[in-house]
Amino acid sequence: MKTQNKLLLTLLGLSLFIISSLAMFAQWSFGQGLIKYVHSREKELLQPFVEELQQSYQKQQSWKQWAGQPRYFFDRASFYLQAELSPRGFQ
């Protein structure tokens, strides 16, 4: 095989490696950014729930209301997370 052909194959292989590496990095970076966005959005949506929990604790001085009804806790959290998906959330 000629030196010119070897050089051409080497450059082609290197180019394919660089392009595939860039594509994988772009996909990974997008995924990380999306996860970061979703987490920040969840924190934003759950902030009123956190305030509800704080008020409940200040009033009761205990977590008994919440500890005795774990389903109620998850229903309230779901309510705040799903409020964004309701038709009102698209205003």
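The values are calculated or read from the model by the stated rules, or taken from the named source; none is laboratory data. Everything numeric in this text was worked out from a predicted model, so none of it was measured. Backbone-built Cβ (ideal geometry, glycine too); neighbour counts: all protein chains shown. Note: areas computed on protein heavy atoms with side chains; ligands, DNA, RNA excluded. Shrake-Rupley method; radii C 1.70, N 1.55, O 1.52, S 1.80 Å.
Are there chymotrypsin sites (Phe, Trp or Tyr not before Pro) in the stretch 1-77 that DSSP marks as loop and that have at most 14 other Cβ atoms within 10 Å, and which are they?
Trp63
In the set (i) 171; (ii) 112; (iii) 93, which value of volume of the Cα convex hull per residue in Å³ was calculated from the structure you see?
Step by step, volume of the Cα convex hull per residue in Å³ for this structure corresponds to label (i).
Pick from Gly31, Gly13, Gly68 the residue whose mean-square fluctuation is largest in a GNM of the chain, springs joining Cα atoms under 10 Å.
Its mean-square fluctuation being the largest, the pick is Gly13.
Top mean-square fluctuation among Ser15, Ser62, Ser78, Gaussian network model of the chain, C-alpha springs under 10 Å?
Ser15
Which order do Met24, Met1 take when ranked by solvent-accessible area (1.4 Å probe, heavy atoms of all protein chains), largest first? Could you put the intermediate results ahead of the total?
Numbers: Met24 125, Met1 155 Å².
Ranked from most to least accessible, the order is Met1, Met24.
Could you tell me how many degrees, from 0 to 90 and to the nearest 10, lie between the Cα long axis of helix 70-82 and the main elongation axis, the longest principal axis, of the Cα atoms of the chain?
60
Can you give the accessible area of Val50, probe radius 1.4 Å, in Å² rounded to 10?
60
Report Rg/Rh for the stretch 9-57, rounded to two decimals, where Rg is the Cα radius of gyration and Rh the Kirkwood radius.
On the way: Rg = 21.2 Å, Rh = 14.0 Å.
Checking Rg against Rh, the ratio lands at 1.51.
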